[in-house]
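The values are calculated or read from the model by the stated rules, or taken from the named source; none is laboratory data. On a predicted model such as this, the values are computed, not experimentally measured, just so you know. As a convention, Cβ positions derive from the backbone with ideal geometry for all residues, glycine included, and neighbour counts pool all protein chains shown.
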Amino acid sequence: MEVLVVVPTYNEADNLPRLARALLELPLELGLLVVDDASPDGTGQLAEELAARDERVMVLHRPGKQGLGTAYVQGFLWGLAHTPARLFAQMDADFSHNPRRLPALVEVARRGAVAVGSRYIPGGGVKNWGLGRRLISRGGSLYARLVLGLPLHDVTGGFKCWPRRVLEDIDLPAIHSNGYAFQAEMSYRAHRRGHRLVEVPIVFEDRRVGQSKMSAAIALEALWMVWRLRLSRTI
Ligand SMILES: Nc1nc2c(ncn2[C@@H]2O[C@H](COP(=O)(O)OP(=O)(O)OP(=O)(O)O)[C@@H](O)[C@H]2O)c(=O)[nH]1
Ligand SMILES: [Mg+2]
């Protein structure tokens, strides 16, 4: 296995089997690690069925919804300890991240850089987002880029591919942020440790029209989290 793809799931029964198929058909030597938080819709059971049918699929079950950040941290730590993968990818289960873009991310990570899927460079974009959400997301990334000095135009995206040695170097167990701040914190840690970050254009597709978890409270929290990262003495 060259690449371990870590996919956190919470109520993704409609998406997970299709996503697994799309990933396993790619011309990559990959493993798929599903990190499920006891999804009430039975996603965890579906993941077990996929794992029974294909040895490339693995499942971590957690007892309840604990957030996407800790799911990734646990998934990466498990993969580092239990697989020989040289690269570790992360992506959403809901097809917001097109599995067909994974090879492009892998290609960059093979050369030693952290590959960061980016909506805000030429060739990238978003579908199904209104102007308000676009402005908040783009503005938030610009703000975080300036405060943190990150060489990224998309700081909150979650479609990335990591070389093993970078994950081993950024003190994963020390990460406690969840949500949008988690994506920024991972990239910031890698950047601070001197690793190269390279953006790869992706088109992000929202699964739902209208319904967004983005709120004024989340946006304000993100503004503060960026400064918490910047002022941290241990990163
Ligand atoms: N294990 C785990 N996975 C989660 C949790 N929250 C979200 N996820 C998964 O993380 C990925 C991204 O979450 P989404 O809910 O799609 O987040 P989003 O794209 O900001 O919001 P949506 O508009 O609902 O798509 C998906 O694969 C989710 O199933 C969680 O608490 N635990
Ligand atoms: Mg989503």
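Per-structure values
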| quantity | calculated |
| --- | --- |
| Residue in region 204-214 that is away from ligand 1 (no atom under 16 Å from the Cβ) and either over 18 Å from Val6 (Cα atoms) or surrounded by fewer than 22 Cβ atoms within 10 Å (Cβ to Cβ) (or both) present | no |
| Scan of region 3-41 for residues that are over 24 Å from Gly69 (Cβ atoms) and either surrounded by fewer than 16 Cβ atoms within 10 Å (Cβ to Cβ) or among the small types (Gly, Ala, Ser) (or both), ordered by number | Pro17, Arg18, Arg21, Ala22, Glu25, Leu26, Pro27, Glu29 |
| Residue within region 193-213 that is out of contact with any Asp or Glu (no Cβ under 8 Å at 6 or more places or on another chain), in a helix (DSSP H, G or I) and more than 16 Å from ligand 2 (Cβ to nearest atom) present | no |
| Pair list, Cβ under 8 Å, 6 or more apart: region 27-50 residue over 17 Å from Trp78 (Cβ atoms), other residue buried (at least 24 other Cβ atoms within 10 Å of the Cβ) and hydroxyl-bearing (Ser, Thr, Tyr) | Ser39/Thr9; Thr43/Thr9 |
| Of the criteria (1) surrounded by fewer than 24 Cβ atoms within 10 Å (Cβ to Cβ); (2) in a loop (DSSP other than H, G, I, E, B); (3) of a type in the set (Gly, Ala, Ser), which one Gly157 fails | (1) |
| Residue satisfying all of: in region 171-203; among the hydrophobic types (A, V, I, L, M, F, W, C), under 16 Å from Ala109 (Cα atoms) and out of contact with any His (no Cβ under 8 Å at 6 or more places or on another chain); surrounded by the fewest Cβ atoms within 10 Å (Cβ to Cβ) among these | Val198 |
| Any hit, region 181-195, residues being at pLDDT below 95 and over 14 Å from the mean Cα position of the chain (by Cα) | no |
| Lone qualifier among Ala144, Ala71, Ala115 - being part of a strand (DSSP E or B) and crowded, with 21+ Cβ neighbours inside 10 Å | Ala115 |
| Contacts under 6 angstrom Cβ, first residue in region 91-103 being touching a residue at least 60 places away in the same chain (Cβ under 8 Å), partner more than 6 Å from ligand 1 (Cβ to nearest atom) and in a helix (DSSP H, G or I), 6 or more apart | Ala93/Leu16; Ala93/Leu19; Pro99/Ala22; Pro99/Leu23 |
| Region 118-136, residues that are free of Cβ contacts under 8 Å to residues at least 60 places away in the same chain and buried (at least 16 other Cβ atoms within 10 Å of the Cβ) | Tyr120 |
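Let's see how each residue does on (1) away from ligand 1 (no atom under 13 Å from the Cβ); (2) in a strand (DSSP E or B):
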residue: Glu12; (1), (2): no, no
residue: Ala22; (1), (2): yes, no
residue: Val34; (1), (2): no, yes
residue: Pro40; (1), (2): no, no
residue: Ala52; (1), (2): yes, no
residue: Leu60; (1), (2): no, yes
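Conditions tested, residue by residue: (1) more than 30 Å from Ala81 (Cα to Cα); (2) in contact (Cβ under 8 Å) with a residue 60 or more places away in the chain; (3) basic (Lys, Arg).
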site	(1), (2), (3)
Ser141	yes, no, no
Asp169	no, no, no
Gly179	no, yes, no
Val203	yes, yes, no
Asp206	yes, yes, no
Leu223	yes, yes, no
Thr234	no, yes, no
